[in-house]
Every structure is written in structure tokens, then in C-alpha cells.
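Each remark here refers to the structure printed beneath this line.
The values are calculated or read from the model by the stated rules, or taken from the named source; none is laboratory data. Bear in mind the structure is a predicted one, so any value in this text is a computation, not a measurement. Every residue, glycine among them, receives a Cβ derived from its backbone with ideal geometry; neighbour counts consider all protein chains shown. For the accessible areas, the whole protein counts, side chains as well, though only heavy atoms, and no ligand, DNA or RNA atoms are used. Shrake-Rupley method; radii C 1.70, N 1.55, O 1.52, S 1.80 Å.
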Amino acid sequence: MGEMMIRDLINSIEKIEIPSADRRFGITRVLKRYDGTPVYIKDVDGYQVIGNLCNRDIIAKSLGVPVKDLMKHILRSMEREKEGELIINNTLKREYIEDPPSEINNYPIPIYYPRDGGPYITSGVVIVKDRDYGVNASIHRILVKGDRLVIRMVEQRHLHYIYSKNIEEDGEIDVAIVIGVHPAILLAASTSGDITFNELKYASVLMGKPLELIKCDTVDLEVPPGEFIIEGKITREMEDEGPFVDITGTYDKVRKQPVIRITSLKRRKDPIFHALLPGGVEHKVLMGLPQEPRIYRGVRNVVPSVKDVVLTEGGCCWLHAVISIEKRTEGDGKNAILAALASHPSLKHVVVVDQDINIGDPKDVEYAIATRVQADRDVVIIKGAKGSSLDPSINEDKTTAKMGIDATISLKKNREDFIRAELPEDK
Ligand code: MN
């Protein structure tokens, strides 16, 4: 047991160790300095804090797959989500102690940036149940206001849908927020499949083992044994939420959002708080990784020889994709562009390359653009498509221009002229 605990993973990875940091901007400072590398802070007001936990390498390691196979492992696991196994193990509850709801103000919840609306929980897996569609797990930013919480629910996402569908009839909705969970659970909760998609079962498939859950005390929910467990009720009441920094590193505005009343606060005896830096690599990777298989599947429909897909960090793991294909027919590059733009509606720019280009290396991708592209022939621009709300440059009517660059070698050219010299294997 315990293989799906964040604490075991933290012990097994290389990380930067910092003796202490201030909740107000201090955590942000160290997480920004080492963005992309795990940082363990021993003492934030008496609590341990981990940040920058998830990058591609650590997610792959934590799932037991090589990083080059990560996208395909995610793709296969998503298709087998129903096979996931959930086991209730209430003996795990012995590890927890109960705090009064007001104690949340003593937890090491960061104020990340000066204009933030207050301290924010950014790594909380929010679990609710719908009577028709079952359990839903998703990650939302949550503002702490006294002993109440205000949760940002993006319209059309599952939590918002379930809230809107049930709040009138039920008056309040049971919720649990788990902070400090294994990357498999974070990745699963960042995935939006069909409304019936069970993210917790999917986490079990990602790990290749059953996921243990414990029963909550004050709400009718079962949750993974994270470091902190907040139980509560999502109410009809609305309060100001924001401003807060989004994936692009820019500020999102203030909106009226639902209030959560805390009914129980539990933590491990020596809990590790997970601070997820807004706009950092961890945020981007968790947003982007679940989208890559969607793009891959969409492209595979029209270009079956597609090899790999990455949403790049420079493009916030959201707005820019690079796709490698084994080009078989003239036009494959353009078809891959169209399919990619259709599969991930927030995608803005996409580059298609041959399989000799390392799509994980921005310099190699630029090399392909530099040596294989003629702009008048290889660039596709689509005007007036629906844009991503995360892109501050979108038009007033929320539309955007989309661009695809076909950086594959033309089949009409002599391929030899494009392939880089290589040395024979060293003996
Ligand atoms: Mn869902």
C-alpha cells in the first residue's frame, strides 16, 4: 500500500531543498526560480510544502513508463478508463487528524502574486457526485476567504454542469477537496472526457493498480488519501473570485463564483502541502498532457502515419502544438494541420515536422522551419475562428486567426538534400 501517496514519490525524486519560505510571495519566488524542477520547502509556518512536482519526466516516472511513451500511455489508459479499480480502505483514516474549519488560515496556502484576490489553493482535486453521471474529479483554483472558500468554475466544464444541474433541487452540493495527491490523480483530474468519464478509475488505469479511497465523514463521497482533505457544501451563494494569474502568466479578472462552506478539515499528522505555481511548468504540463492524445487521435484519422504530438511549454502547453509525421503523400502536412486545429479548439499555431525532428526540442523545430519551409507555400492561415479565452491577443468578438506551418520536406524534392550528416556508431 501507499504506492499512490505523494510523500513516497517526493522521497524518491531529485529535488531542490529549501529550509523555509514566506507564504506571501516567498513560495512563488523559489518555485519561479526553479520552474520545472521539484522544490521541497521544509518549513512554511510549520508545514512542509512541495512545488513544481509534475513535469513530463516525473509524471512518466511516477506512472512507470519511459517519457517518450507518455503520450501513448495516456491515450491507451483513457480508452480503458472503465477497467479502473476503486477500493474503499477506511483503515487509512487512522493517519488523519481533524482541525476546526478556521484552522485553514494557518495552513501554508500561498499568496502567489501581489494582485491575487487572497490565498489560493491551486492543486486541490475537487470531487463531487452527480446522481445520473456518478463521480467527477477536477482541478479548480480556490480562493480562501476566512473559513469559507470561493471556487472558480469554468462554464461548460463538468463541475459547472453538475453544479448548475443540481443546485436548485438540492440547495447545496456535497464536495471534497483533496490536496497533495499522486501525479496520476492530478493528471486524471486535469482530463475532461465525456461526462460519464470516471477520473478516479482512470487514475487507477494510469497507475496499473487499484486506487484506494476513504469515506468522507460529513459528505457522501469517497476520496483518495491525500495530505489534506477538505469536506464541504457548495452553496448558492456567490462571492468575488480573483484576480488570479492564469496559464499564460497574465491576470484573469474578478467574477462572482460559488461559495463553499467547510464541514470538515482533515490532514495527515505531518502533511505536505502541494503549491502549484500558476503559469508555471507544472500548471502547463497538467493542462496540456491530457490534450495531446486528443490531437493525436484527430490527426491519426487523416494521417495514419502520425508519430507524436507535443503541446510546447513556450506555447503554454495549450496554444502551440508540434506534430511529427512519417510523410507518405504530398499534402499530409496540411491535412495534419487541419485535423490538429479541429481536435483541440484552443490551438492557435501548429507546426508539422518529419520524424527526424525532435519535437521536444524547440531548436530542432525551429531548424525544420528554417530549412524546410517556404512561407507562401507551406503556411496556412484561417481567419475568424473561435479563440482561446486564455489568449490576451484575441479579437473583441473572441475570434482568433489560426496558423499552421507545414515544415515537412516536400516529396518533390531530393530528400538527401535535407537530411543532416551523422557519424557512424562509436565503438
Ligand atoms: Mn469529468
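Taking 0.36 nm per residue of sequence separation and subtracting the Cα-Cα distance, how much length would be gained by fully extending the chain between M238 and K42, in nm to one decimal? The M238-K42 span can extend by a further 67.0 nm.
What is the stretch 110-220 by shape, rounded, prolate or oblate, if you read a ≥ b ≥ c off the alpha carbon gyration tensor as root eigenvalues and call it rounded for a/c under 1.5, prolate for a/b larger than b/c, and oblate otherwise? Here the stretch 110-220 falls in the oblate category.
Please compute the contact order of the chain in relative form: average sequence separation of alpha-carbon pairs under 8 Å and at least six residues apart, divided by the residue count, as a percent.
The normalised contact order for the chain reaches 15 percent.
Let me check against my output: what whole-number percent is the relative contact order of the stretch 1-140, with C-alpha pairs under 8 Å and at least 6 apart? Result for the stretch 1-140 is 20 percent.
For the stretch 6-277, rounded, prolate or oblate, judged on the Cα gyration tensor with a ≥ b ≥ c (square roots of eigenvalues), a/c < 1.5 rounded, else prolate if a/b > b/c?
Working: a/c = 1.32, a/b = 1.02, b/c = 1.30.
Rounded shape, in that the Cα axes give a/c under 1.5.
Temperature 20 °C, viscosity 1.002 mPa s: under these conditions the Stokes-Einstein estimate for the stretch 290-417, based on its Kirkwood radius over C-alpha pairs, is 147 µm² per second. Counting only lysines at least 8 places from K266 when in the same chain, those with an alpha carbon closer than 17 Å to its own are K93, K215, K233.
The stretch 166-181 and the stretch 23-102 have Cα centres spaced 22 Å apart.
What stretch of the chain, leaving out the sites themselves, is the longest with no GluC sites (Glu not before Pro) in a DSSP loop having at most 10 other Cβ atoms within 10 Å? Working shown, then result.
Values: sites that count: E14, E155, E396, E422, E425.
Of all site-free stretches, the longest is 156-395.
Carbon-plus-sulfur accessible fraction, the stretch 6-277 (probe radius 1.4 Å, protein heavy atoms only): 47%.
Working from label points 7 Å from Cα in the Cα-to-Cβ sense, the T371 to T329 distance is 2.8 nm. Rounded to whole numbers, the Karplus 3J(HN,Hα) couplings from phi for the stretch 338-350 are 4, 5, 5, 4, 6, 7, 10, x, 7, 5, 10, 10, 9 Hz, using 6.51 cos²θ - 1.76 cosθ + 1.60 with θ = phi - 60°, and x at Gly and Pro.
Counting only heavy atoms of the protein chains, get the accessible area per residue of the chain (1.4 Å probe) and round it to a whole Å² value. Mind dumping the intermediate values first?
Details: 18940 Å² over 427 residues.
Accessible surface, normalised per residue, equals 44 Å².
Treating each Cα of the stretch 191-241 as an identical point scatterer and summing with the Debye formula, the log10 of I(q)/I(0) at q = 0.22 Å⁻¹ comes to -1.01.
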